[in-house]
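First comes the structure, then the notes that go with it.
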Amino acid sequence: MHSSSLLLEEPIRMASVLEPSKPSYFPAMTKIIGTLGPKSRSADTISRCLNAGMSVARFDFSWGDPEYHQETLENLKAAIKSTKKLCAVMLDTVGPELQVVNKTEHPISLQADTLVVLTPDQNKEATSNLLPVNFNGLSKAVKKGDTIFLGQYLFTGSEATSVWLEVSEVDGDSVACLVKNSATLAGSLYTLHLSQIRIDAPTLTDEDKEVISTWGVRNNIDFLLLSYTRHAEDVRHAREFLLKLGDLKQTQIFAKIENIEGLTHFDEILREADGIVIARGNLGLDLPPEKVFLFQKAAIYKCNMVGKPAVVTRVVDTMTHNLRPTRAEATDVANIVLDGSDAILLGAETLRGLYPVETISTVGKICAEAEKVFNQDLYFKKAIKYVGEPMTHLESIASSAVRAAIKVKASAIICFTSSGRAARLIAKYRPIMPVISVVIPQLKTNQLRWTFTGAFEARQSLIVRGLFPMLADPRHPAEAKSASNESILKVALDHGKAFGVIKPHDRVVVCQKLGDSSVVKILELED
């Protein structure tokens, strides 16, 4: 799984470029989130996506009704059962997304240097001269000279089906715009983006709340992806809503940063959220193109230092229609890994793309190669410096486990945990070997029924770089005596051996809690 200590700063041997990529049970330490849809919703295709390396399935409610997504989810459950691979479920909200509505679904051609009127009257038919939008406050939000973007990111993954508009006149509720480039819009739905303009609409809409309280509760979603997060209050509001639902109190909230407002309030949003999604599609509209990479690097660094997952979107758009990514896209994926991202989110590439399985496989292979030259030593020093002294007890144990594993060239780190926190802290220090997180269920009651925890904690590890969870037998307590603890350890070791991560004579670092003490120990395996 790990390579020799080759660093990016060192000359890379040309021979290593020519070496074939080695297949592994863990295609990469970096996780892959796949959006399920028309081209990726059958049980067979989802099974192949899981085998290719997908660990989180995203259900985007910007399109499709709950019944459609439920059918897809049932297929996901069947695929999980047949492949015996864990997969987490992510619900992506619509949020205050502006859309042009084309009920006839006829293609609409817009010509450069002509005028098109945007109207809030959705009863009117969409034409090349008139486009109805789903927002009554558009005329109050924009002024002459403002930039508006229309596109079909979700459906095509291509900006060739997109158009830039410049506001030329505001007349009552209507907005007349000059078309800046020629394009043909095909389909029923186009995203409308107002560049650097605040939309006075709630981040969590009533429609979002309805979907979460029905579909989300029914399916015990692991992650809520909060679209268009603009303030820390957006995250707090969403968390309060989840707590009221009861069954979703453990659901993690990932804030999607996709405009200037979210960027401006990034630090306070990061404090409130469980993770961050850097939505480069919309950010690339709000920011000058040359500034997007700066925000990506700064945001990932901040997430890394506080140990919260960072996810990046829009990586291999051309694979929506092609079997191979461009060289620039492949390099971009590698740089995202070198920046420290936990996961890569695939949208149109798996949703409507012709090659969802091949896309996941290709991205995983690129990630694995980049991980071989990730400068872990430099990263570790930065993380230690950021935390400072005195460290908390858990932080000290986690960093010590990683340092020990690297020093003895361990093939894996095994961490016993009930909440998942200890394993996430270990993963925060980016070890070059996989962390097998053994989640030990806890028996809890709400006075009405007894339930085992652990399933949420295990699945939520699937978005963290380098963390590979397994659920332990609930009959074994978290703070086990040495005899029974050895049996749990044996299961974890067998798990690692079965998938080729751990071999005879390997060294393995074990992090566990014994009584009131946390212990890091090094095991040297026999035949």
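Descriptive notes on the structure:
- Computed from the C-beta positions of His321 and Ser517, the FRET efficiency with R₀ = 41 Å rounds to 0.15.
- For the listed residue pairs Lys84/Lys409; Lys103/Lys291; Lys31/Lys297, the alpha carbons are over 25 angstrom apart in Lys84/Lys409; Lys103/Lys291.
- Calculated FRET efficiency for the pair Lys302/Lys503, C-beta based, R₀ 30 Å, to 0.05: 0.20
- Estimated FRET transfer efficiency when R0 is 25 angstrom, pair His237-Asn335 (beta carbons, to 0.05): 0.15
- Along its first, second and third principal axes, ordered by size, the chain spans 77, 64, 48 Å in Cα coordinates.
- Whole-number accessible area per residue in Å² for region 367-424, which is evaluated in the context of all protein chains at 1.4 Å: 46
- Using alpha-carbon coordinates, inclination of helix 232-245 to the longest axis of the chain, degrees: 70
- Hydrodynamic radius of region 187-337 per Kirkwood, over alpha carbon pairs, in Å: 16.6
- Seen against the Cα atoms of the chain and their longest principal axis, helix 43-52 is set at about 60 degrees.
- Taking the accessible area of region 369-411, probe 1.4 Å, and keeping the other protein chains in place, the carbon and sulfur fraction comes to 59%.
- Gain in span if fully extended, Tyr379 to Ser419, counting 0.36 nm per residue against the direct Cα distance: 11.9 nm
- Nearby lysines by direct alpha-carbon distance to Lys513 (threshold 17 angstrom, same-chain neighbours under 8 apart not counted): Lys481, Lys490, Lys521
- Segment Leu115-Asn181, extension gain: residue separation times 0.36 nm, minus the distance between their alpha carbons: 22.6 nm
- Look at where the Cα atoms of region 182-227 and of region 47-120 average out, and the two centres are 10 Å apart.
The values are calculated or read from the model by the stated rules, or taken from the named source; none is laboratory data. Worth saying up front: this structure is predicted, and the values here are computed from it rather than measured. Cβ atoms come from the backbone with ideal geometry, glycine included; neighbour counts cover every protein chain shown. With ligands, DNA and RNA removed, areas are computed over all heavy atoms of the protein, side chains included. Shrake-Rupley method; radii C 1.70, N 1.55, O 1.52, S 1.80 Å.
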